Amino acid sequence: MKLTVQKRLAGDLLKCSPKKIRFDPARLEEIKEAITKKDVWRLISEGAISYRKTQETSRSRARVLQHQKSRGQRKGPGSRKGSKFSRVSRKTRWILRMRALRGLLKELKENKKITNETFRDVYTKTSGGYFRSRRHILLYLEEKQLIK
């Protein structure tokens, strides 16, 4: 009993390969008589014809990795590719540093820890790249005894 035409029609209707089409063994005679798409569609809706879904790639491992990355894991030196400036550009690093240093200076000035003249002097040095970090500014101010 050849049912290749029915398999092909069912494959067209279900948008899958004829190899995936499965027939109900108890209703083979009824399926054999179905020669139009409408007949086959009726049998599909009744459950006499179905198709087998293939195993697809599991996303469970991908979800675990995504969860770990959202928690900030997997960012160690072994996971990094590219130079340090390819991950965060020189310009971005400079901007972040300047914001931190200028924020510190503004805070010191507002709290009257430094005078306006000291503020202006250190601010220009900051813009010139003289200081490495906030700590470096504080060390400089203490060393020169400019902080109150």
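Readers should treat all values here as calculations from the given coordinates under stated rules, not as data from a laboratory. Small disclaimer: the values here were computed from a predicted structure and weren't measured. In this analysis, Cβ positions are derived from the backbone assuming ideal geometry, glycine residues included, and neighbour counts consider all displayed protein chains.
Any chance you could get the radius of gyration and Dmax over the Cα atoms of the range 4-51, in Å?
9.1, 24
How high is the relative contact order of the chain, in percent, counting Cα pairs under 8 Å that sit 6 or more residues apart?
Relative CO of the chain lands at 15 percent.
Can you compute the equivalent ellipsoid semi-axes for the range 75-148, i.e. the square root of 5 times each eigenvalue of the Cα gyration tensor, sorted largest first and rounded to whole Å?
31, 12, 10
Rounded to whole Å and ordered largest first, report the semi-axes of the equivalent ellipsoid of the range 39-112 derived from its Cα gyration tensor (root of 5λ). Numbers along the way, then the final one.
Values: eigenvalues 682, 65, 31 Å².
They are 58, 18, 12 Å, listed largest first.
Taking the alpha carbon gyration tensor of the chain, what are the square roots of 5 times its eigenvalues, largest first, to the nearest whole Å? Walk me through the numbers before you get to the answer.
On the way: eigenvalues 1228, 44, 34 Å².
That gives 78, 15, 13 Å for the three semi-axes.
Please go through the range 80-148 and write out the chymotrypsin sites (Phe, Trp or Tyr not before Pro) that DSSP classes as loop and that have at most 13 other C-beta atoms within 10 Å.
Those that pass, being in a loop and sparsely packed, are Tyr130.
Using 0.36 nm per residue, how much length does the chain from Ile35 to Arg134 gain when fully extended, once their Cα-Cα distance is taken away?
Numbers: separation 99, 0.36 × 99 = 35.64 nm, distance 8.22 nm.
Residue separation times 0.36 nm, minus the Cα-Cα distance, leaves 27.4 nm.
Which trypsin sites (Lys or Arg not before Pro) in the range 89-136 pass both tests, a DSSP loop state and at most 14 other beta-carbon atoms within 10 Å?
Sparse-neighbourhood loop trypsin sites (Lys or Arg not before Pro): Lys112, Arg132.
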